[in-house]
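> Dropping a structure here in structure tokens format, bear with me for questions.
The values are calculated or read from the model by the stated rules, or taken from the named source; none is laboratory data. Note that the coordinates shown come from a computational prediction; the quantities given were computed from them, not determined experimentally. Cβ coordinates were reconstructed from backbone atoms using ideal geometry, including for glycine residues, and neighbour counts include every protein chain displayed. Calculation scope for accessible area: heavy atoms of the full protein, side chains included, ligands and nucleic acids excluded. Shrake-Rupley method; radii C 1.70, N 1.55, O 1.52, S 1.80 Å.
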Amino acid sequence: MSADRWPSALWIVRHGESAGNVAREQAYASGAHRIALTIRDVDVPLSTRGEEQARALGRWFARGEAHGRPEVMLSSPYLRARETARLFREAGGCPPDERICADERLREKEFGVLDGLTTGGIAALEPDQAAFRRLLGKFYHRPPGGESWCDVIFRLRSLMDTVALHYAGRRVMIVAHQVVVLCLRYVVENLSEEEILAIDRAGDVANCSVTEYAYDSDHGRFGGLKLVRYNETAPVEESPVEVTDAPDAMVAARG
């Protein structure tokens, strides 16, 4: 695929630490079956630390540490992602008049009946789904009312077609969620199920970490996006803010 079908640079960022991340950690520490949240997942805000992480990311881009600043800002419609993008912009990560475009295809993976359950909660309250997940694996298991990783990938393929159509040759940033970051790697790099799950098992995607691609005319047979860095936490490490990488509140057990 030629240069007129790719952005010149693509940054994929996981949102800053959210109140849901904090609640999830507390639920696991106490052995609770459910995560203590009383609002919709879409409305979960950033924690105070998450806000500082987003500002640190913006300052890092403003200093020129990331090979330029984005010309296009795409975000999950979830509040924690939109807040991350807004604070990033306010800190100088992109021009102050750059519009943040929410795209529903970047939303968090839907967990259906497993929403808000810890690993112990799934085993105790949804044992059939726990068994199905062990049988099918996390890539293909779709809980009732929810999505599999494959379902997320279907919508992200559509998103990348839109990026290619409207933003070829431009510098694009996507602000979204852990599973979205991983599934975009699967799409962009044409990975296998085994390869992307191995990356997932190696560790969580850190809050406000950067995954960067650059167009390379020599990459592959026809040129394409080449991975520059994955899960880069330097923007947060170089600030006084702690690096965090807890899965989102609604994310069920790893494995």
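> Please verify whether residue 197 is at pLDDT 95 or above and either out of contact with any His (no Cβ under 9 Å at 6 or more places or on another chain) or open to solvent by 20 Å² or more (accessible area, probe 1.4 Å) (or both), treating the condition exactly as stated. It would help to see each step written out before you state the result.
On the way: at pLDDT 95 or above: yes; either out of contact with any His (no Cβ under 9 Å at 6 or more places or on another chain) or open to solvent by 20 Å² or more (accessible area, probe 1.4 Å) (or both): yes.
It is true that residue 197 is at pLDDT 95 or above and either out of contact with any His (no Cβ under 9 Å at 6 or more places or on another chain) or open to solvent by 20 Å² or more (accessible area, probe 1.4 Å) (or both).
> So is residue 40 open to solvent by 10 Å² or more (accessible area, probe 1.4 Å), without any contact (Cβ under 8 Å) to a residue 40 or more places away in the chain, basic (Lys, Arg) and over 29 Å from residue 213 (Cβ atoms) or not? Give the derivation first.
Working: open to solvent by 10 Å² or more (accessible area, probe 1.4 Å): yes; without any contact (Cβ under 8 Å) to a residue 40 or more places away in the chain: yes; basic (Lys, Arg): yes; over 29 Å from residue 213 (Cβ atoms): yes.
Yes, satisfied.
> Could you grab the pairs with beta carbons closer than 9 Å, sequence gap of 6+ or different chains, first residue in the stretch 143-171 and loosely packed, with under 13 Cβ neighbours inside 10 Å, second one polar (S, T, N, Q) and modelled with pLDDT under 95?
Matching pairs, first to second residue: 144/129.
> When you scan the stretch 129-142, how many residues do you find that are of a type in the set (A, V, I, L, M) and surrounded by 17 or more Cβ atoms within 10 Å (Cβ to Cβ)?
Applying the first criterion (of a type in the set (A, V, I, L, M)) to the stretch 129-142 yields 130-131, 135-136.
Cutting the leftovers down to surrounded by 17 or more Cβ atoms within 10 Å (Cβ to Cβ) gives us 130.
Total meeting the criteria: 1.
> Restricting to the stretch 1-17, count the residues that are assigned to a helix (DSSP H, G or I) and in contact with a Ser or Thr (Cβ under 7 Å, 6 or more places away or on another chain).
As a first pass, look at the stretch 1-17 and keep what is assigned to a helix (DSSP H, G or I): 3-5.
Then drop every residue that is not in contact with a Ser or Thr (Cβ under 7 Å, 6 or more places away or on another chain), which leaves 3.
Summing the residues that are assigned to a helix (DSSP H, G or I) and in contact with a Ser or Thr (Cβ under 7 Å, 6 or more places away or on another chain) in the stretch 1-17 gives 1.
> Still on this model: Considering only the stretch 18-35, state which residues are in a helix (DSSP H, G or I) and of a type in the set (Gly, Ala, Ser). Please lay out each step first, then the result.
Taking the stretch 18-35 and keeping what is in a helix (DSSP H, G or I), we get 19-30.
Selection gives 19, 20, 23, 27, 29, 30.
> Restricting the search to the stretch 62-87, which residues are surrounded by fewer than 24 Cβ atoms within 10 Å (Cβ to Cβ) and within 23 Å of residue 242 (Cβ to Cβ)?
Within the stretch 62-87, 62, 63, 65, 66, 79, 82, 83, 86, 87 qualify.
> Can residue 182 be described as open to solvent by less than 40 Å² (accessible area, probe 1.4 Å), under 29 Å from residue 25 (Cα atoms) and free of Cβ contacts under 8 Å to residues at least 40 places away in the same chain? Even if it seems obvious, please write down each step before you answer.
Details: open to solvent by less than 40 Å² (accessible area, probe 1.4 Å): yes; under 29 Å from residue 25 (Cα atoms): yes; free of Cβ contacts under 8 Å to residues at least 40 places away in the same chain: yes.
Against the criterion (open to solvent by less than 40 Å² (accessible area, probe 1.4 Å), under 29 Å from residue 25 (Cα atoms) and free of Cβ contacts under 8 Å to residues at least 40 places away in the same chain), residue 182 qualifies.
> If you go through the stretch 205-233 one residue at a time, how many are open to solvent by less than 40 Å² (accessible area, probe 1.4 Å), of a type in the set (A, V, I, L, M, F, W, C) and in a strand (DSSP E or B)?
3
> Within the stretch 70-81, which residues are in contact with a strand residue (DSSP E or B) (Cβ under 7 Å, 6 or more places away or on another chain) and either touching a residue at least 40 places away in the same chain (Cβ under 8 Å) or aliphatic (A, V, I, L, M) (or both)?
We begin by selecting, within the stretch 70-81, every residue in contact with a strand residue (DSSP E or B) (Cβ under 7 Å, 6 or more places away or on another chain); these are 70-77, 80-81.
70, 71, 72, 73, 74, 75, 76, 80, 81 - these are the residues of the stretch 70-81 that are in contact with a strand residue (DSSP E or B) (Cβ under 7 Å, 6 or more places away or on another chain) and either touching a residue at least 40 places away in the same chain (Cβ under 8 Å) or aliphatic (A, V, I, L, M) (or both).
> Would you be able to say whether some residue in the stretch 116-133 is within 21 Å of residue 16 (Cβ to Cβ) and of a type outside the set (Lys, Arg)?
Here is the first cut: in the stretch 116-133, the residues within 21 Å of residue 16 (Cβ to Cβ) are 116.
With of a type outside the set (Lys, Arg) added as a condition, the list becomes 116.
Taking every residue of the stretch 116-133 in turn, at least one turns out to be within 21 Å of residue 16 (Cβ to Cβ) and of a type outside the set (Lys, Arg).
> Restricting the stretch 105-128 to residues that are without any contact (Cβ under 8 Å) to a residue 40 or more places away in the chain and assigned to a helix (DSSP H, G or I), which is most open to solvent (accessible area, probe 1.4 Å)?
That would be 128.
> If residue 24 meets every condition in (1) at pLDDT 95 or above; (2) buried (at least 22 other Cβ atoms within 10 Å of the Cβ); (3) out of contact with any helix residue (DSSP H, G or I) (no Cβ under 9 Å at 6 or more places or on another chain) apart from one, which number is that one?
Going through the list (1) at pLDDT 95 or above; (2) buried (at least 22 other Cβ atoms within 10 Å of the Cβ); (3) out of contact with any helix residue (DSSP H, G or I) (no Cβ under 9 Å at 6 or more places or on another chain), residue 24 breaks only (1).
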